[in-house]
Each structure stands twice: as C-alpha cells, then as structure tokens.
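S.K.: I have a structure I would like to understand better, so I am pasting it below and will then ask my questions one at a time.
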Amino acid sequence: MKQQVIAVSLLAAAAVAPTAFGATEADVEKSFFPYKSGVPASPGLKPGLVIKKDNADQFKDVMDAALYQFIKDGWYEVTVAATTSLDLNKNYVEATKKNLNKVKLGAKPGEITGFVAGRPFPEEPDAKDPRAGEKLAWNYKYGINWGDNAAISPFYWKFRDMNTGKIERTIKFHFHFLNYKHRIANNPIPEITPNPSQLFRGIYVTVEEPLDIKYTQLLIHRFEDDLLRDDAYLYLGFQRRVRRLASGQVTDAFLGTDLMIEDFEGYNGRISDMNWTYKGTTNMLMPYYNHNELKLADEHKEADGYQFVAFGGKAGCFPNITWQLRKVYVLESKPVEPGHPIGKRVHYLDAQTATLNRTLIYDRKGELWKSFIIGKAHPDYHLPKNKGSGISIDDSFSMVDVQSKHCTTGQFKGQIDPAMNPPSLFTVQNMRGGT
C-alpha cells in the first residue's frame, strides 16, 4: 500500500511539473497550432452537414446550451465546415516565445508583472490552479484581436423584433481600435509615445446614420493599470458637448441596442471587475468561416465590391455562416459588484486565437438572458488588405435577448489598416472638432 501511495504521488508530481517549472516552447507551439497533429472530430459530424431541428440531439455534445436550443426550436440551422487553423501573426508568436515565463500574477485580480508582448500564459490551463481562469482572461486582454490597430468601417447594426420579424432601426457606425502598448506588427513598436496617461488601448466609435443620432461619438481609454477604471466619453450630436460616462453607464443598453458597452468584443472591461473561473476544455462548434466563400448579402454594397454577411433564421437574427468544431476553454466570469445587472457570463474562448466568439449571459436569477455570437473570418479570405495579417477578423455578430424576444445584429467591414487609426483620432479634442 505504501509503495502504491508513493507511486501515485510521483505520478501526480510528474503531472504538475510543467506548470511548476513554467511553460515551454512546446507549450507555445501547442497553444498557437492546436491542429498541427489533427483536427477534432465527433461521430457523424462532417463538412457540409446541416444541423437542424430533426438531428440536433445527435450533436448536442458539441454545441453550447443556447445554440442547441435555438436549433431545437427551429430558430436556426448550422452548416458545418472543416476545421481550419487560423495562424496568428508570426510576430505575436515570436514575442510569446521571447517573453516566456516572464509574466506573473499579482496578489489580487487585475495585478500583473513582467508582461512585455505576446500571449502571457501559453500553457494549458490547469483545473487545480485556482487562478487558471484569470490567466485565460489575461490571454484574452493581451490577445491579438484586431492587432495593433484596425477599423470596422462601416459597421451596420440592426434592431429586430423576434415576434414580428420587423427591423426596427439600422445604425451605421465606424469603430476604430488602437493599442498604445505591447505593439508587435505596426510601427511604432513596441509603443506609441508620448503616452503620459499610460494608456493600453483606445476605442473610438462614431455614428453616421440615422440622422437623429448622427455625430454621436464614444471614446474609451483603457489604462495599462487594470485597477484603474476606464475613462469613457460620449458626444451627443444634438447636445454638441462631450460628457464623461459614469462607470455604471457601461452596463446600460448602448443606444437602445441589446448590447452594453461592456459586451463589446465578448468582454470589454477590466480583469479586476470579474471573478474568473476556468470550467474545462472541450471541442465545440464555433462561428469560424471564410468570408469570401459564403453566400453574402446584397444590401449595403460597398464601392469596392465588398459584401457583408447575410442574416437569416428566426426574424433574421442569426448569421448565415459556417461553423467549425474547434478546441475551446470554458470560462466563467461573475461580476465583483453585487449591483451589476448580470449574474454571470459563460465564455467559450477559442484556444487558438484566445478570442471570445460565444458568450452566454445569465441574469441575476441564474436564467439565460442573452446569447452573443461573434463570427470570425479568416483574414486570407477577406479584404485584400487583411490577407497575411495573421489577425482573425470579427465579421458578424448576433446578440439575442431570449427573454424579451429581441435581437441586435451586426455586419462588419473589418480593415487591418494603421492609416485609418491615427492616435489623434482617440482624443477628446477630436470628438469636439469631429463634426
């Protein structure tokens, strides 16, 4: 018996040894190239298969709860595509290798030291690590979603009544993103200077249509120090003044949509605002596709011939895209503040890209409230300027409020283009003079 206990102890020690001694380059390879040795499979699941109401039960194990219910209720059908590797920007991968094991968590959530660039924690999450969820959250925050700078221009949002199918409102936006620090691809590298406020990231939004909210602008400054609250500013055209947003307003409905500012990109807030829990690793259908190979919409055509993702399903609330079986980490986030309007989010974080493409939002009673889909397009099957960027392109979204039977949908023209995102755009002065 004693020998068995010793043997078990040695096996346990061997199992945790990689974590104890830090990540290796093999961990980095596995993190960025999870399909190098093969792609995930599920019995009967193959490219071209359409999952619909009558066969949903067969594939329930590879769908999140909301997607399964949508299909089972006849609201949506999903076409399966082959799993493809979305190789990220090589500079980001190299930065991860160069800075391996330099990053350490602080004493409390939101504190981190030693981060330079790349993926902070490329090792596989360990269920025995109480801070594994927090590490995944940092991988998302310091991920390469949109890269050093990008624009969604234009970006169409539609409000839809799911009972009548009526499109209630269409807003034409322009979104811009800029990383001030930890830059890896576009000059200046590694950071934009001067940066006296020590900003990490900026988001700038402006409305072009409809006329009643034209010139509305939103500016978000996220600090390098996660313990500092974002500075957020709103310019309302009819008031012709800039006002600072109170922290609580980032959880209000944004311009009457089904999204709050905190929902942007899957989660748009501080690490320290949530308690993060790693719930496991699985293979799941995710909204990944090749944009140029889809049957696209005829509406909102651009002068360069670009066409947007089409929508269908119940009330047109769901993107007509293909889905891939991919490796994901299940990540739960619960608000620290008891007065927060949501109870929790369950994120399905794509293991290769570290992006949040499926999020289920639960109310404070624990019931499903909203389902968020962010469609990801491969950059080599999109606009010519995106080819070879190694940036997974946010390309469509659907936020379905299952309780109020309402949805907001989004059609993107994502552009990896530094010239569209000068630092001067991300200033309060620009908001005042931008009209």
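Rundown of residues vs (1) in a loop (DSSP other than H, G, I, E, B); (2) over 30 Å from residue 302 (Cβ atoms), yes/no style:
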site: 342; (1), (2): yes, yes
site: 345; (1), (2): no, yes
site: 366; (1), (2): yes, yes
site: 388; (1), (2): yes, no
site: 398; (1), (2): no, no
site: 404; (1), (2): yes, yes
site: 409; (1), (2): no, no
site: 413; (1), (2): no, no
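S.K.: Something else now. Those residues that are at pLDDT 95 or above and among the small types (Gly, Ala, Ser), I need them from the range 325-370; list them, please.
M.R.: 333, 343, 351, 354, 366 - these are the residues of the range 325-370 that are at pLDDT 95 or above and among the small types (Gly, Ala, Ser).
S.K.: Restrict the check to the range 54-74 and report whether at least one residue is over 24 Å from the mean Cα position of the chain (by Cα), of a type in the set (A, V, I, L, M), under 22 Å from residue 289 (Cβ atoms) and not in a loop (DSSP other than H, G, I, E, B).
M.R.: yes
S.K.: Contact list please: Cβ distance under 9 Å, first residue in the range 411-435 and within 15 Å of residue 188 (Cα to Cα), second residue charged (D, E, K, R), pairs at least six apart or on different chains.
M.R.: That search, which allows pairs on different chains as well, returns 417/385; 418/148; 421/148.
S.K.: Pairs under 9 Å by beta carbon, first residue over 14 Å from residue 286 (Cα atoms) in the range 33-49, partner of a type in the set (Asp, Glu) and assigned to a loop (DSSP other than H, G, I, E, B), six or more apart or different chains?
M.R.: 33/87
S.K.: To continue, here is another question. Residues 344, 385: which one is closer than 23 Å to residue 278 by Cα and not β-branched (Val, Ile, Thr)? Walk me through how you get there before you give the answer.
M.R.: On the way: 385 fails: closer than 23 Å to residue 278 by Cα.
344 is the lone residue from the list that is closer than 23 Å to residue 278 by Cα and not β-branched (Val, Ile, Thr).
S.K.: List every residue pair whose Cβ atoms lie under 7 Å apart, where the two residues are 6 or more positions apart in sequence or sit on different chains, the first residue falls within the range 254-275 and is closer than 22 Å to residue 227 by Cβ, and the second residue, located anywhere, is charged (D, E, K, R) and assigned to a helix (DSSP H, G or I).
M.R.: 268/262; 269/262; 271/134; 271/141
S.K.: From (1) closer than 28 Å to residue 326 by Cα; (2) among the aliphatic types (A, V, I, L, M); (3) in a loop (DSSP other than H, G, I, E, B), pick out the condition that doesn't hold for residue 80.
M.R.: All conditions are met except number (3).
S.K.: I would also like to ask the following. Mind listing whichever residues of the range 24-39 are assigned to a loop (DSSP other than H, G, I, E, B) and closer than 17 Å to residue 95 by Cβ?
M.R.: Listed by number, the residues that qualify are 24, 33.
S.K.: Next question, about the same structure. Can you pull out every residue in the range 320-373 that is among the hydrophobic types (A, V, I, L, M, F, W, C) and in contact with a Gly (Cβ under 6 Å, 6 or more places away or on another chain)?
M.R.: 321, 330, 331, 354, 356
S.K.: Given 283, 292, 275, 320, which one is closer than 30 Å to residue 49 by Cβ and out of contact with any Phe, Trp or Tyr (no Cβ under 9 Å at 6 or more places or on another chain)?
M.R.: Matching residue, one of 283, 292, 275, 320: 283.
S.K.: Now for a separate question. Please work out if residue 66 is hydrophobic (A, V, I, L, M, F, W, C), touching a residue at least 12 places away in the same chain (Cβ under 8 Å) and more than 22 Å from residue 347 (Cα to Cα). Give the steps one after another, and end with the answer.
M.R.: On the way: hydrophobic (A, V, I, L, M, F, W, C): yes; touching a residue at least 12 places away in the same chain (Cβ under 8 Å): yes; more than 22 Å from residue 347 (Cα to Cα): no.
When the stated conditions are applied, residue 66 does not pass them.
S.K.: Just name the residue that is farthest from residue 163 (Cα to Cα) out of those in the range 305-321 that are surrounded by fewer than 21 Cβ atoms within 10 Å (Cβ to Cβ) and not aliphatic (A, V, I, L, M).
M.R.: Step one: list which residues in the range 305-321 are surrounded by fewer than 21 Cβ atoms within 10 Å (Cβ to Cβ), which gives 305-307, 310, 312-314, 316, 320.
Remaining after also requiring not aliphatic (A, V, I, L, M): 305-307, 312-314, 316, 320.
On the way: 305: 33, 306: 31, 307: 28, 312: 14, 313: 12, 314: 9, 316: 11, 320: 20 Å.
My answer is 305.
S.K.: For the range 264-287, state whether one or more residues are surrounded by fewer than 16 Cβ atoms within 10 Å (Cβ to Cβ) and of a type in the set (A, V, I, L, M, F, W, C).
M.R.: Checking the range 264-287: not a single residue is surrounded by fewer than 16 Cβ atoms within 10 Å (Cβ to Cβ) and of a type in the set (A, V, I, L, M, F, W, C).
S.K.: Limited to the range 81-98, what total is found for residues that are under 26 Å from residue 48 (Cα atoms) and over 21 Å from the mean Cα position of the chain (by Cα)?
M.R.: Residues that pass the stated criteria total 1.
S.K.: Can you pull out the residues in the range 369-386 that are closer than 14 Å to residue 321 by Cα and part of a strand (DSSP E or B)?
M.R.: Of everything in the range 369-386, those that are closer than 14 Å to residue 321 by Cα and part of a strand (DSSP E or B) turn out to be 373, 374, 375, 376, 377.
For every residue, the table says whether it meets (1) assigned to a strand (DSSP E or B); (2) touching a Cys at 6+ places or on another chain (Cβ under 7 Å); (3) farther than 27 Å from residue 40 by Cβ; (4) among the β-branched types (Val, Ile, Thr).
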residue	(1), (2), (3), (4)
281	yes, no, no, yes
285	yes, no, no, no
296	no, no, yes, no
303	no, no, yes, no
308	no, no, yes, no
323	yes, no, no, no
328	yes, no, no, yes
333	yes, no, no, no
338	no, no, yes, no
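S.K.: Could you tell me whether residue 421 is over 26 Å from residue 66 (Cα atoms) and either within 17 Å of the chain's Cα centre (by Cα) or at pLDDT 95 or above (or both)?
M.R.: So residue 421 fits the description; yes.
The values are calculated or read from the model by the stated rules, or taken from the named source; none is laboratory data. What you see is a predicted model; the values in this text were computed from it and never measured. Heads up, the Cβs are rebuilt from the backbone with ideal geometry, glycines too, and the neighbour counts pull from every protein chain shown.
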